[in-house]
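K.L.:
Here you go, one structure.
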Amino acid sequence: MAFLPDESRSLPPPPLLNKGSVWLGFVGWLSALADNAFNQRPVLRAGVHRQILLASLGYFVGYHLLKRTEYVHAKVDREMFEYVRHHPLDFQTATG
């Protein structure tokens, strides 16, 4: 993907069925239904190819947005643990 650096390849891929991809796939399908309703076509029966296309597009976008989110969170975690490793005196546990 164009907006992920090469270091993101070391992360495991997200599951195919995840909350982001399913949700955006559903939103894509609903947008096709809304387009049918606004243009006064039969909502479920007209443009089935468009419904499949927009649901697939939403699923694809949701998958890659989740992949980017996981990369950003992993990068923040890595930076935070590196900071803690370099500053052990700031993160001592309280004893006593």
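The values are calculated or read from the model by the stated rules, or taken from the named source; none is laboratory data. As the structure is a prediction and not an experimental result, all values here were calculated from the model. No Cβ is skipped: glycine too gets one built from the backbone with ideal geometry, and neighbour counts run over all protein chains shown. What goes into the accessible areas is simple: the full protein's heavy atoms, side chains included, and nothing from ligands, DNA or RNA. Shrake-Rupley method; radii C 1.70, N 1.55, O 1.52, S 1.80 Å.
K.L.:
Restricting attention to the range 49-70, and to residues there that are among the basic types (Lys, Arg) and within 22 Å of the chain's Cα centre (by Cα), which single residue is most open to solvent (accessible area, probe 1.4 Å)?
P.N.:
ARG68
K.L.:
Could you check, for the range 87-95, whether at least one of its residues is among the aromatic types (Phe, Trp, Tyr) and over 27 Å from the mean Cα position of the chain (by Cα)?
P.N.:
yes
K.L.:
Additional query: Would you confirm, using the coordinates I've provided, whether HIS73 is within 30 Å of SER10 (Cβ to Cβ) and either open to solvent by less than 80 Å² (accessible area, probe 1.4 Å) or out of contact with any Gly (no Cβ under 7 Å at 6 or more places or on another chain) (or both)? Spell out the reasoning first.
P.N.:
Values: within 30 Å of SER10 (Cβ to Cβ): yes; either open to solvent by less than 80 Å² (accessible area, probe 1.4 Å) or out of contact with any Gly (no Cβ under 7 Å at 6 or more places or on another chain) (or both): yes.
In short, yes.
K.L.:
Take VAL27 and tell me if it is within 19 Å of the chain's Cα centre (by Cα) and of a type in the set (Val, Ile, Thr). Full working, then the answer.
P.N.:
Working: within 19 Å of the chain's Cα centre (by Cα): yes; of a type in the set (Val, Ile, Thr): yes.
Answer is yes for this residue.
K.L.:
Just to be sure I understand, how many residues within the range 1-57 are in a loop (DSSP other than H, G, I, E, B) and within 21 Å of TYR71 (Cα to Cα)?
P.N.:
13
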